[in-house]
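Reading through the structure tokens given below for one structure.
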Amino acid sequence: MKSICYLVISVWEAIFITLAVFLFTTCSTPTGRESLPTGKLGLRVGISVSAEDVFRHLKAAEPEEFVVTIYSESGTEALSYPRAAELPETIELPAGSYYVIAHSNNSAPAAFENEYYSGTSETFTIREGETTEVSLTCSLANIRVTVVYDASVISRFESYETTVSNSGGSLTFSSDEIRAGYFDEGPLAIVAGLLYTDEAGALRELSLTGSIPDATPGKHYEIAISVSAENGSGSIAILVDESFETEVVSITDEELPMSGELLITEIMYNPSAIGDAEGEYIEITNVSTETVNLQGLVIRRGSTNDTHVISEDLPLAPGGVLLLGRSAGAAAEVDYVYSNISLLNSGDVIYLNHYGTDGINGEVICRVDYGASGFPGSLTGQSVQLDPAVKDVNDALLGSNWCASGTTFLAGDYGTPGEANTNCL
């Protein structure tokens with residue numbers, strides 16, 4: 001016995017594209033020897049556009065160009081059509097359970113004006129004597145990103161651009177770029193470079209960095225670049241447009257320090273009272289005259305280029321101290337917990353730098369090679385600390401300006417985490 005089934009696909013675009021699949025089954029019994037039951041699918045494609053105002057930026061999809069593939073319930077491809085417009089009037093399939101995947105034919109890791117739609121139907125069954133209706137929704141399946149520059153940027157900077165990247169590619173939004181960029185699913189990194197001329201006539205760059213670690217397909221992220229009118233500090237904010245709901249997520253602070261404005265002033269690389277994974281810490285001191293923020297900066301271990309991007313708002317006043325701990329238990333004064341960085345007991349280089357394009361090549365704010373000549377030898381249960389009289393980033397490189405801490409702070413370990421260092425005699 002055979003089942004003759006007709007599959008009708010119509011496409012509607014509003015916030016999403018809907019493909020309605022109707023299965024009409026009629027039955028006839030052939031004469032002669034019995035054969036395995038089969039079904040025939042009739043597919044037709046149409047489109048009607050009814051987009052809400054907030055989604056008028058989405059291009060009208062062309063469903064006749066969608067790729068349509070029919071799979072058996074087990075995931076085996078039964079039939080595929082590179083263009084929905086080429087679907088025949090009827091398709092013969094063995095009776096059984098199936099599902100349909102349809103998608104636009106323009107997938108790319110990163111591209112401008114490239115809305116990609118995809119959808120999968122529920123599983124449906126072709127069986128004798130029944131009529132089945134199946135719906136398939138093709139929604140925006142990549143991430144939409146736009147960049148806008150505040151008037152404070154436009155009026156004060158000579159040139160500016162923002163690069164957004166994922167693991168597969170990147171797009172650069174120049175000062176006059178009004179197009180939307182579209183990205184594959186996955187985390188997005190953001191780097192904005194703003195050029196200006198300082199009071200001495202030298203060309204300088206203000207670099208802002210950030211990320212959208214949980215970027216989700218179907219959402220629109222508007223990246224807003226602005227600077228402070230007072231001190232030229234900058235910020236990036238993310239406006240998320242999702243089903244008519246919005247939220248603003250700040251991913252960098254309004255102040256990014258320059259080289260020499262911050263110093264690494266204490267390092268606990270080999271605690272004794274607790275394990276390395278709990279007790280290691282790095283102390284940062286602001287030696288500038290302005291409040292700065294560490295959000296968006298990178299902690300890096302030089303021998304392996306292991307990195308950690310500081311993701312929280314960490315303002316630091318002039319003369320202030322921040323304690324970055326491998327765990328919250330490193331000391332009572334821990335202000336921020338980092339990960340992915342394990343300090344070698346035999347010596348290594350610790351960097352604090354801007355993100356740059358990959359977390360490694362950004363401008364270095366400060367660094368310490370605590371295994372270099374002149375530094376105290378391998379220490380156990382003691383931090384190595386910079387003499388508090390040292391305020392210059394170059395002097396902080398010299399091992400002769402560092403010493404082992406002699407102040408007890410945690411069950412017999414020695415250090416002054418988050419507090420003023422003792423003088424190195």
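The values are calculated or read from the model by the stated rules, or taken from the named source; none is laboratory data. Since the structure is predicted, the reported quantities are computational estimates derived from the model, not experimental observations. Counting neighbours? That spans all protein chains shown, and the Cβs are built from the backbone with ideal geometry, glycine included.
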Restricting the search to the range 169-180, which residues are in contact with a strand residue (DSSP E or B) (Cβ under 6 Å, 6 or more places away or on another chain) and either of a type in the set (Val, Ile, Thr) or closer than 20 Å to Ile154 by Cβ (or both)? Thr172, Phe173, Ser174, Ser175, Arg179, Ala180
Mind telling me which of the residues Leu397, Leu386 ends up being touching a residue at least 24 places away in the same chain (Cβ under 8 Å), closer than 10 Å to Cys424 by Cβ and touching a strand residue (DSSP E or B) at 6+ places or on another chain (Cβ under 8 Å)? Leu386
Only one of Ser159, Ser165, Ser155 is crowded, with 16+ Cβ neighbours inside 10 Å, small (Gly, Ala, Ser) and outside the structural domain of Asn293 (by TED's automatic domain parsing). Can you tell me which? Ser165
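Tell me the residue from Ala180, Ala215 that is over 19 Å from Val364 (Cβ atoms) and touching a Lys or Arg at 6+ places or on another chain (Cβ under 8 Å), please.
Details: Ala215 fails: touching a Lys or Arg at 6+ places or on another chain (Cβ under 8 Å).
Matching residue, one of Ala180, Ala215: Ala180.
Could you say which residue among Gly210, Gly186 is crowded, with 18+ Cβ neighbours inside 10 Å and either touching a Ser or Thr at 6+ places or on another chain (Cβ under 7 Å) or β-branched (Val, Ile, Thr) (or both)? Step through it out loud before you land on a result.
On the way: Gly186 fails: crowded, with 18+ Cβ neighbours inside 10 Å.
After ruling out the rest, the residue left standing is Gly210.
Restricting attention to strands (runs of 3 or more DSSP E) lying wholly within the range 331-425, give those where 2 or more residues are over 26 Å from the mean Cα position of the chain (by Cα) and at negative phi.
On the way: elements: 349-353, 364-369, 384-386, 402-404, 408-410.
The qualifying strands (runs of 3 or more DSSP E) are 364-369, 384-386, 402-404, 408-410.
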Does Gly302 meet the test of being under 29 Å from Gly218 (Cα atoms) and modelled with pLDDT under 90? no
Listed residues Thr285, Thr289, Thr304; which is in the same structural domain as Thr357 (by TED's automatic domain parsing), in a loop (DSSP other than H, G, I, E, B) and over 25 Å from the mean Cα position of the chain (by Cα)? Thr289
Within the range 250-263, does at least one residue satisfy the condition of being part of a strand (DSSP E or B), surrounded by fewer than 21 Cβ atoms within 10 Å (Cβ to Cβ) and at pLDDT below 90? yes
Any residue that is at pLDDT below 75, surrounded by fewer than 19 Cβ atoms within 10 Å (Cβ to Cβ), touching a Lys or Arg at 6+ places or on another chain (Cβ under 8 Å) and of a type in the set (Ser, Thr, Tyr) - is there at least one of those in the range 89-98? yes
Just one listed residue, out of Tyr355, Tyr414, is among the aromatic types (Phe, Trp, Tyr) and either touching a helix residue (DSSP H, G or I) at 6+ places or on another chain (Cβ under 8 Å) or over 15 Å from Arg300 (Cβ atoms) (or both), and it is Tyr414
Does Ala192 fit the bill of being small (Gly, Ala, Ser), at pLDDT below 90, touching a strand residue (DSSP E or B) at 6+ places or on another chain (Cβ under 8 Å) and not assigned by TED's automatic domain parsing to the domain that holds Ala78? yes
Under the condition of being hydrophobic (A, V, I, L, M, F, W, C) and not in a loop (DSSP other than H, G, I, E, B), which residue from the range 292-301 is surrounded by the fewest Cβ atoms within 10 Å (Cβ to Cβ)? Val298
Give me the pairs, please: first residue somewhere in the range 192-203 and within 12 Å of Glu158 (Cβ to Cβ), second residue anywhere and hydroxyl-bearing (Ser, Thr, Tyr) and in a strand (DSSP E or B), beta-carbon distance under 7 Å, and either six or more positions apart or on two chains. Gly193/Tyr160; Gly193/Ser207; Leu194/Tyr160; Leu195/Ser159; Leu195/Tyr160; Leu203/Thr197
For the range 147-191, how many residues are among the hydroxyl-bearing types (Ser, Thr, Tyr) and over 18 Å from Asp358 (Cα atoms)? 8
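Using the structure shown, decide if His308 is touching a residue at least 12 places away in the same chain (Cβ under 8 Å), within 30 Å of Ser170 (Cβ to Cβ) and surrounded by fewer than 20 Cβ atoms within 10 Å (Cβ to Cβ). Please lay out each step first, then the result.
Details: touching a residue at least 12 places away in the same chain (Cβ under 8 Å): yes; within 30 Å of Ser170 (Cβ to Cβ): yes; surrounded by fewer than 20 Cβ atoms within 10 Å (Cβ to Cβ): yes.
In short, yes.
Looking at Gly193, Gly119, Gly186 in this structure, which one is within 20 Å of the chain's Cα centre (by Cα) and assigned to a strand (DSSP E or B)?
Details: Gly119 fails: within 20 Å of the chain's Cα centre (by Cα); Gly186 fails: assigned to a strand (DSSP E or B).
Just one listed residue meets the conditions, Gly193.
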